[in-house]
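Structure first, then comments.
Laboratory data are not the source of any read-out in this text; all were calculated from the coordinates shown. Just so you know, these numbers come straight off a predicted model, no measurement behind them. Note that each Cβ is placed from the backbone with ideal geometry, even for glycine, and that neighbours are counted across all protein chains shown.
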Amino acid sequence: MIEHNPLYQSMISAVSQTLENMAFTEVMEKLDRSYEIPTEELVWNSLLINDPVQGEIRLAMPKRVLKNLTGSIFGINDEEITQAQMDDIQNELLNTIVGLFLSNLFSDDQEYQMGLPESGREELPEIDANTIVWKLMTGEEDPLQIFAIGASLVALKNQ
Amino acid sequence: MKRIIIADDSATARMFIKRCLQIIGLGDAEIIEAEHGKEALTAAKAQDVDLLLTDLNMPVMDGETLVKWVKSSPKLCDLPVIVITSAGNPAKEAKLLKLGAHRVLNKPVSPPMMMDALAEFLDK
């Protein structure tokens, strides 16, 4: 289901622009909304939004997808890729996505405050009622998921 | 040869910026990489620098604070500063320009954006 509220579309636009510019890959919505990235394959990171709403954005993908993106962006072979490089790529992707998302969502005169991205070390937390999930895929049909968590952030979908 | 400081806590972001600089003809510039504002400020004070490119969201010292420190320093106040950030919008941009930043670019930055921002430095 494609949602047309500004919150939803702001994120779609942000992810598309970021992946196209940084990784030269298009992004589209995954039609199979029941798809879940297997836990054992999943890597994720998160970034807090502190102002004017409070919330958290998480980016999740299979480790092999992150490895491919890292190799593509850095222009290096699989064997040369380090965990630090993969973490850094994922953090910079999330940082750029969230910046564009907030820029798309809020008016030009609205300042906003973001935290620094952090790599998730434990299992991805369970989602609750105050969560919106975007299930996306790249042009190569690799899955990506974005989560927006927090009541004041999620409430913006009704604006 | 130009000497340019790139301040960003992300190695990926620094790589993208360096790549943009190479594409627009500044590939032979000496690049000094800093992971945060304090490191960039130390490097700028220690040697003659032609340009400072800085992110906003960084640990230890953020980009806005770095701009304030640079512009309040007698030695560094004329150093051109370009902010490259994911956390920019017109309100933030106006604030940074008022603090003395030369330009504010929004991530993801592209070679044409960099070319436009650095046009006056490319001719010198």
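Report summary: the helix-based calculation at 222 nm, which adds -39500 (n - 2.57) for every DSSP H run with n ≥ 4 and divides by the residues of the protein assembly as shown, gives -12000 deg cm²/dmol.
Per-residue shielding of A:84-90, expressed as the average number of other chain Cβ atoms within 10 Å of the residue Cβ, stands at 3. Peptide A:44-52 has a mean of 0 when you count, residue by residue, the C-beta atoms of other protein chains within 10 Å of its C-beta. As a proxy for reagent exposure, ranking A:121, A:64 by other Cβ atoms within 10 Å from fewest up yields A:121, A:64.
For a modelled paramagnetic label at residue B:115, 7 Å from Cα along Cα-to-Cβ, the residues of region B:9-30 in reach, with backbone nitrogen under 16 Å, are B:19-27.
Quick one: Kirkwood hydrodynamic radius for the protein assembly as shown, alpha-carbon pairs, angstrom, one decimal? It works out to 19.6 Å. Between residue B:34 and B:6, B:7, B:8, the built amide H atoms are under 5 Å apart, and every one of these is 5 or more places off in sequence or on another chain. The lysine pair tally for chain B, using Cα distances under 20 Å and a gap of 8 or more places or different chains, is 21. Going from the fewest other Cβ atoms within 10 Å to the most, the residues B:20, B:77 appear in the order B:77, B:20. Rounded to the nearest 20 debye, the dipole magnitude of the protein assembly as shown is 900 debye, with +1 charges on Lys and Arg beta carbons, -1 on Asp and Glu beta carbons, and the Cα centre as origin.
Compute the angle between helix A:63-74 and the longest alpha-carbon principal axis of chain A, please, reported from 0 to 90 degrees and rounded to the nearest 10. Rounded to the nearest ten degrees, it is 80.
Karplus-derived 3J(HN,Hα) values for region A:139-145, using 6.51 cos²θ - 1.76 cosθ + 1.60 with θ = phi - 60°, are x, 8, 6, 7, x, 9, 10 Hz; glycine and proline are entered as x.
Which is farthest toward the positive dipole end of chain A among A:35, A:152, A:97, measuring Cα position about the Cα centre, with Cβ charges +1 (Lys, Arg) and -1 (Asp, Glu)? Comparing the listed Cα positions along the dipole, A:152 ranks first. Note on chain A: percent of Cα-Cα distances in each 5 Å bin, starting at 0 and stopping at the bin with the largest distance, equals 2, 9, 19, 24, 22, 15, 7, 3, 1, 0.
The angle between the Cα long axis of helix A:83-105 and the longest principal axis of the Cα atoms of chain A comes to about 30 degrees, rounded to the nearest 10.
Applying a length cut-off of 20 Å (Cα extent along the axis) and a mean Kyte-Doolittle floor of -0.5 to the DSSP H helices of chain B leaves no helix. Calculated FRET efficiency, residue A:26 to residue B:60, Cβ-Cβ distance, R0 = 30 Å: about 0.25 to the nearest 0.05.
Relative contact order for region B:30-124 using alpha-carbon pairs under 8 Å, separation at least 6, rounded to a whole percent? Over region B:30-124, the number comes to 23 percent. A cut-off of 5 Å between modelled amide H atoms, ignoring neighbours fewer than 5 places along the same chain, links residue A:43 with A:61, A:63. Highest-first packing order for the peptide set B:25-37, B:55-67 is B:55-67, B:25-37, based on the mean count of other beta carbon atoms within 10 Å. Assuming charge only on the beta carbon of Lys and Arg (+1) and of Asp and Glu (-1), the dipole of region B:34-94 about its Cα centre is about 220 debye to the nearest 20. Projecting the Cα atoms of A:133, A:143, A:82 onto the charge dipole of chain A (Cβ charges, centred on the Cα centre) puts A:133 farthest toward the positive pole. If every alpha-carbon in region A:20-99 counts as one equal scatterer, what log10 I(q)/I(0) does Debye give at q = 0.11, 0.22 1/Å? These q points yield log10 I(q)/I(0) values of -0.34, -1.17. Any idea what angle helix A:6-23 forms with the longest principal axis of chain A, computed on alpha-carbon atoms, 0 to 90 degrees, nearest 10? Helix A:6-23 sits roughly 30 degrees off the main axis of chain A.
For the segment A:114-126, counting C-beta atoms of other chains within 10 Å of every residue's C-beta and taking the mean gives 1. Each principal axis of the Cα atoms in chain B has its own extent, and those three values, largest first, are 32, 30, 26 angstrom.
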